[in-house]
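Working notes for the structure below.
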Amino acid sequence: MCGIVGAIHREAGVLESLLEGLRTLEYRGYDSVGVGVVHGGRLCVQKRAGRIDELVRALAGGELAGVRAGIGHSRWATHGAVTDENAHPHTDVAGELALVHNGIVENHRELRTALEAAGFVFRSETDTEVLAHLVAREIAAGRALAEAVRRALAHVRGYYAIAVLVGGDEPQLVGARQGPPLCVGATPGAGWLASDVLALLPHTRDVFFLEDGDVAEVAPGRIAITDAAGKAVERPLRHIEWQAAAGDKGAWPHFMLKEIHEQPDVVARTAYPRLGGDGTDVRLEGGFWTDESLRRVSRVQTVACGTALHAGLVARYMLEGLGGVPADAEYASEFRYRDPLLDRDSLVVAISQSGETADTLAAMRLGQVRGGRSLAICNSIGSTMVREAEASFLIDAGPEIGVASTKAFVAMLVAAYLIAVRIGRARGHLAPETARERLEELRRVPAALEHLLAEAVVARVREMAHRHAHAKGFLFLGRGINYPIALEGALKLKEISYVHAEGYPAGEMKHGPIALIEPGMTTVVVAPRDGVVEKLRSNVEQVRARGGHVIAVGSDPECLAVAHEAIEVPDAGPWLSPVLDVVPLQLFAYHVAEARGCDIDKPRNLAKSVTVE
């Protein structure tokens, strides 16, 4: 997902704010960047392919200093190559308005053909430029900016968040949203908008999150929001507790490493406030979480993408084993195009760090249309998913800047565990004393994570990673509840180090993947002390017999002993072992990428939040 920032001040200083906002959103990934500002009443645009530093050099002359209104954008190329011309903002023919856009205009070709036939001249290959010309056409017909945006968007099919800036003695700034997120806020001296609330935190922590169809006029001290029909609407003002400093990596070399080390605190924040009473149940507020409500649930379907899907796969084991309810997990991108059989007692659990993942949102909505109930596990309080779900579980991981998710994943696992225990208690599947034991195990997890993140352990993982940084490939194996952790370990390695890695259930090794085993191929085995670890030891022996090198991560001493190299993990019990087992795999991926000289926080071709298909 690309980044949008916009500001309109009573006093000068907008350009600095725009550049600061764009730097805050760098973690989302981009390949070009630009700003449009109103200077002396005239609209001025500077944009460059490449990183923000390229744009800063282009602005070094200071000609655009002292401006009061502007927009900025960081782009991942979708339509058109990575060039200065295709970077945002895009302008109309007369250069009187500038527009930035996240998302996709699905009918851009037919719109472009019609506009070119009407005499509009295009300068780029992008789908976005049609939006600038559509809005300009409405303004030329005498319509005010907000109404012009509404009318222009009525011709558009697709997903978008846009910001439009018009020059003149009194500049105007308008934002609109249909799909990708956009939030707005105002202080007495300025109005602000951004695609991510992190960009607003240095200026205000009281924000409005736009909903689909909304158009917002942004001005100092004033936000006016209307729906697609032009009717004034009220959106709740959200107070964001995150501090701007949470988006600063401080002395850490990368956000990813910082966020890995934040995980003990994240688990404590997610878990401890919900452990109350006599210690035999989970405290969750709202009618959704009552015994009567949860006893209605006949089955659970988790839907998610990427790392969140792996959390959903772990949740499946927890919901069945601890909650006593049938559960399944599926890629949201597949579920949304199936014909799923759901009823009013089916619960669709959508899992997403951002709460804006397009496929996951669509899957959750499909579940609602089919009559099912909905629950969001999410890290963003004002996200679309949280607003639309029947209930939500906010994981409170804090802002996650690294593109490769770490702390949010662990928080999702803890959320799933707590939900499973609450369902188990509500349905009578967990006896009070059993629930007490399970929750006491959770209380001990932060300390176990601190042990795993001690320098001695981290140094051992670092040395191991550097030795294997140029291996021919990696095979990750796990069984049961830790099979998804094998998938997650392989995904982390692929995401940030660009080496080939595959995760498999260990029982499937002899059904194909064993053909890959040879010297130079590294096999990573997730080995907790549980009911299936004896089978896993057999897999390790089979890999060794074929010349493969085995790294074991876990708490089973026999499995660790038979591997070539091992990282011992504290024993947290079978249900919470994934929370601990994943941490050495996160560190291993980080240090392999470090050894290979990769851009760890901004891996190529990836965006932090995927808000379009």
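The values are calculated or read from the model by the stated rules, or taken from the named source; none is laboratory data. For clarity, every value in this text was computed on a predicted model and none was experimentally measured. So basically every Cβ, Gly included, is an ideal-geometry build from the backbone, and we count neighbours across all protein chains shown. Please note that ligands, DNA and RNA were not included when accessible areas were found on the heavy atoms of the full protein model with its side chains. Shrake-Rupley method; radii C 1.70, N 1.55, O 1.52, S 1.80 Å.
Here is how the numbers come out for the structure above:
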read-out	value
Any chance ASP127 is in contact with an Asp or Glu (Cβ under 9 Å, 6 or more places away or on another chain), assigned to a loop (DSSP other than H, G, I, E, B) and either over 30 Å from GLN353 (Cα atoms) or among the charged types (D, E, K, R) (or both)	yes
In segment 148-161, residue nearest to GLY103 (Cα to Cα) [restricted to those that are among the small types (Gly, Ala, Ser) and open to solvent by less than 10 Å² (accessible area, probe 1.4 Å)]	ALA161
Extreme residue, nearest to VAL184 (Cα to Cα), among residues of segment 225-239 that are of a type in the set (A, V, I, L, M, F, W, C) and open to solvent by 30 Å² or more (accessible area, probe 1.4 Å)	LEU237
Single unsatisfied condition, GLN301 versus (1) polar (S, T, N, Q); (2) in contact (Cβ under 8 Å) with a residue 24 or more places away in the chain; (3) farther than 26 Å from GLY489 by Cα	(3)
Some residue of segment 296-305 being open to solvent by 50 Å² or more (accessible area, probe 1.4 Å), assigned to a loop (DSSP other than H, G, I, E, B) and under 21 Å from ILE395 (Cβ atoms)	no
Close pairs (7 angstrom Cβ cut-off, 6 or more residues apart or separate chains): farther than 13 Å from GLY70 by Cβ in segment 160-179, among the acidic types (Asp, Glu) and open to solvent by less than 20 Å² (accessible area, probe 1.4 Å) anywhere	ALA176/ASP214; ARG177/ASP214
Enumeration of residues in segment 496-506 that are in a helix (DSSP H, G or I) and over 18 Å from ASP581 (Cβ atoms)	ILE496, SER497
Condition check for ALA152: small (Gly, Ala, Ser) and touching an Asp or Glu at 6+ places or on another chain (Cβ under 6 Å)	yes
Evaluation of ALA81 against (1) assigned to a strand (DSSP E or B); (2) open to solvent by 30 Å² or more (accessible area, probe 1.4 Å); (3) at pLDDT below 90 (one fails), failing number	(1)
Unique residue being closer than 25 Å to THR384 by Cα and not aromatic (Phe, Trp, Tyr) when the list is MET364, MET256, MET318	MET364
In segment 462-478, residue nearest to MET521 (Cα to Cα) [restricted to those that are within 28 Å of the chain's Cα centre (by Cα) and surrounded by fewer than 23 Cβ atoms within 10 Å (Cβ to Cβ)]	GLY473
Qualifying residue in segment 15-38 (condition: open to solvent by 10 Å² or more (accessible area, probe 1.4 Å), out of contact with any strand residue (DSSP E or B) (no Cβ under 8 Å at 6 or more places or on another chain) and part of a loop (DSSP other than H, G, I, E, B))	no
Qualifying residue in segment 307-327 (condition: under 22 Å from ILE395 (Cβ atoms), without any contact (Cβ under 8 Å) to a residue 40 or more places away in the chain and part of a strand (DSSP E or B))	yes
Segment 383-395 - residue that is touching a residue at least 24 places away in the same chain (Cβ under 8 Å) and crowded, with 21+ Cβ neighbours inside 10 Å and, of those, nearest to MET412 (Cα to Cα)	ILE395
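Let's see how each residue does on (1) among the β-branched types (Val, Ile, Thr); (2) surrounded by fewer than 23 Cβ atoms within 10 Å (Cβ to Cβ); (3) at pLDDT 95 or above:
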residue	(1), (2), (3)
ALA146	no, yes, yes
ALA163	no, no, yes
LEU173	no, no, yes
ARG177	no, no, no
VAL184	yes, no, yes
GLY191	no, no, yes
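Each row is one residue, and each column tells you yes or no for (1) surrounded by fewer than 17 Cβ atoms within 10 Å (Cβ to Cβ); (2) over 23 Å from LEU193 (Cβ atoms).
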site: VAL67; (1), (2): no, no
site: LEU99; (1), (2): no, no
site: PHE122; (1), (2): yes, yes
site: VAL130; (1), (2): no, no
site: LEU134; (1), (2): no, no
site: ASP169; (1), (2): yes, no
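Conditions tested, residue by residue: (1) farther than 18 Å from GLY573 by Cβ; (2) out of contact with any Pro (no Cβ under 9 Å at 6 or more places or on another chain); (3) modelled with pLDDT of 95 or more.
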{"site": "THR434", "(1), (2), (3)": "no, yes, yes"}
{"site": "GLU437", "(1), (2), (3)": "no, yes, yes"}
{"site": "ARG444", "(1), (2), (3)": "no, no, no"}
{"site": "ALA447", "(1), (2), (3)": "no, no, no"}
{"site": "HIS451", "(1), (2), (3)": "no, no, no"}
{"site": "ALA456", "(1), (2), (3)": "yes, yes, no"}
{"site": "GLY480", "(1), (2), (3)": "no, no, no"}
